[in-house]
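These notes concern the structure reproduced below.
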Amino acid sequence: MNIMFMSTGNLLPGSAAWSSLASHRLQFAELNMWSQILMAPDGLDKQLHLIVWVVNLEDLIPRSLSSQAGNVDEDTSLESEIRLQLEPLRAFCDGHGKTRIIVAWSHGATYSPIQYARCIPWFEKVNSAWERQLRDLQADCEGLFLLPLYPQFALTGLTKCYDTRNYYAGYCRFSFQGIKIIAQSVSDIIYRFEEAPKKVLVLDCDNTLWGGVVGEDGIEGLTLGNDGEGKAFQDFQKGVLALAKQGILVGICSKNNEEDVWEVFEKHPEMRLTRNDIVAYRINWHEKADNLREIADDLDLALNSFVFWDDNRLEREKIRTLLPDVIVPEVPKEVCDWETALLDMVEFHKFTITEEDRK
């Protein structure tokens, strides 16, 4: 894919931080040429597949607009300034609405608890108004995708994603880590452009949906409940249900006696999944690769639309070897991390969740 990056500052072309996009052909526009590019897109390379506009809000919206928090004139001036800065993008969308463009933005301003205590700090207001106007514009622009960087930076730490030395040395506000996160975030969006979301989540049972082995411990001996590790297994089930509500099909592939498994579903008071939530299953002592092939046949879906979750490392390695099309995540060691790990899987993420998905 041919990708052009343009920005309100220097993005350090050639840095190893862009390695997650190494399989694509990257172009970097000259510094602060974004307005001219958006206003005259006919001069762009005809083979260009994607434009990424990286914005530091400090570069666009002057602090001088800020006066006293809550001042009506200040709010009006802010909205007008943002509308002005977005005019080139608006013109681009009007004429090239199907051309894909990602707008990625953030700010590096930090504030003390005192500054938050009685008012909304300036760049917090800027960020909210900026996103609100972009979302309004997005409603009428099929090719516009938005990438707020602040949540992505927060996972690492804002101070690690910005580097004042880079700014004063080369007009790049970001650190190596910050650029790396931008590259990976864009890569994630491109992944969804190129690959459809996975449709099926297939789960093991023992030590996956609950702690313990039902054939040995019985229903009463399973770890599943409202506190401790039992709560973690229960929350993992809630994560599975959250995916199911987004249209993901849930299946079971487990080495158990079938009647034992359904007894847990029907009689254990702390189960959150029900038998009705399971659209296909193979509960027997056969090889799981064979069972997954049969489930795929039952659902009339290709194996490349499957994700397989199993606590057993040996079973995961077997599926990776025998069914390379199936996504097999490396399950975290701690059950308390499972729900987050499951819901964070980009393989399931969609740009929008439709009413058909919910049905």
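Numbers for the structure displayed
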| read-out | value |
| --- | --- |
| Single residue of segment 140-167 satisfying the filter (more than 20 Å from the chain's Cα centre (by Cα) and surrounded by fewer than 16 Cβ atoms within 10 Å (Cβ to Cβ)) that is farthest from residue 110 (Cα to Cα) | 140 |
| Members of segment 321-359 that are touching a residue at least 60 places away in the same chain (Cβ under 8 Å), among the hydrophobic types (A, V, I, L, M, F, W, C) and not in a loop (DSSP other than H, G, I, E, B) | 327, 335, 336, 338, 342, 343 |
| Test: residue in segment 281-299 that is in a loop (DSSP other than H, G, I, E, B), aliphatic (A, V, I, L, M), open to solvent by less than 60 Å² (accessible area, probe 1.4 Å) and touching a residue at least 24 places away in the same chain (Cβ under 8 Å) | no |
| Residues (surrounded by 17 or more Cβ atoms within 10 Å (Cβ to Cβ), in contact with a strand residue (DSSP E or B) (Cβ under 6 Å, 6 or more places away or on another chain) and over 20 Å from residue 180 (Cβ atoms)) located in segment 38-56 | 51 |
| Single match in 289, 302 (criterion: over 30 Å from residue 193 (Cβ atoms), out of contact with any Phe, Trp or Tyr (no Cβ under 8 Å at 6 or more places or on another chain) and among the small types (Gly, Ala, Ser)) | 289 |
| Any hit, segment 168-182, residues being open to solvent by 50 Å² or more (accessible area, probe 1.4 Å), of a type in the set (Gly, Ala, Ser) and within 20 Å of residue 6 (Cα to Cα) | yes |
| In segment 300-320, the residues that are touching a residue at least 24 places away in the same chain (Cβ under 8 Å), outside any helix (DSSP H, G or I) and more than 22 Å from residue 237 (Cβ to Cβ) | 301 |
| Inter-residue pairs, beta-carbon under 6 Å, first exposed (fewer than 14 other Cβ atoms within 10 Å of the Cβ) and in segment 250-268, second not in a helix (DSSP H, G or I), 6+ apart | 258/283 |
| Index of the failed condition, residue 245 passing every other in (1) open to solvent by 80 Å² or more (accessible area, probe 1.4 Å); (2) touching a residue at least 60 places away in the same chain (Cβ under 8 Å); (3) over 22 Å from the mean Cα position of the chain (by Cα) | (3) |
| Some residue of segment 203-216 being in a helix (DSSP H, G or I), free of Cβ contacts under 8 Å to residues at least 40 places away in the same chain and surrounded by fewer than 20 Cβ atoms within 10 Å (Cβ to Cβ) | yes |
| Residue check for residue 189: more than 30 Å from residue 149 (Cβ to Cβ) and surrounded by fewer than 22 Cβ atoms within 10 Å (Cβ to Cβ) | no |
| Top-ranked residue in segment 86-110 [being surrounded by 13 or more Cβ atoms within 10 Å (Cβ to Cβ) and of a type in the set (Ser, Thr, Tyr); ranked as nearest to the chain's Cα centre (by Cα)] | 106 |
| Any hit, segment 67-76, residues being in contact with a Phe, Trp or Tyr (Cβ under 7 Å, 6 or more places away or on another chain) and surrounded by fewer than 14 Cβ atoms within 10 Å (Cβ to Cβ) | no |
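The values are calculated or read from the model by the stated rules, or taken from the named source; none is laboratory data. Not measured: the values here are computed from a predicted model. Heads up, the Cβs are rebuilt from the backbone with ideal geometry, glycines too, and the neighbour counts pull from every protein chain shown. Protein only, heavy atoms only, side chains kept; ligands, DNA and RNA dropped before computing areas. Shrake-Rupley method; radii C 1.70, N 1.55, O 1.52, S 1.80 Å.
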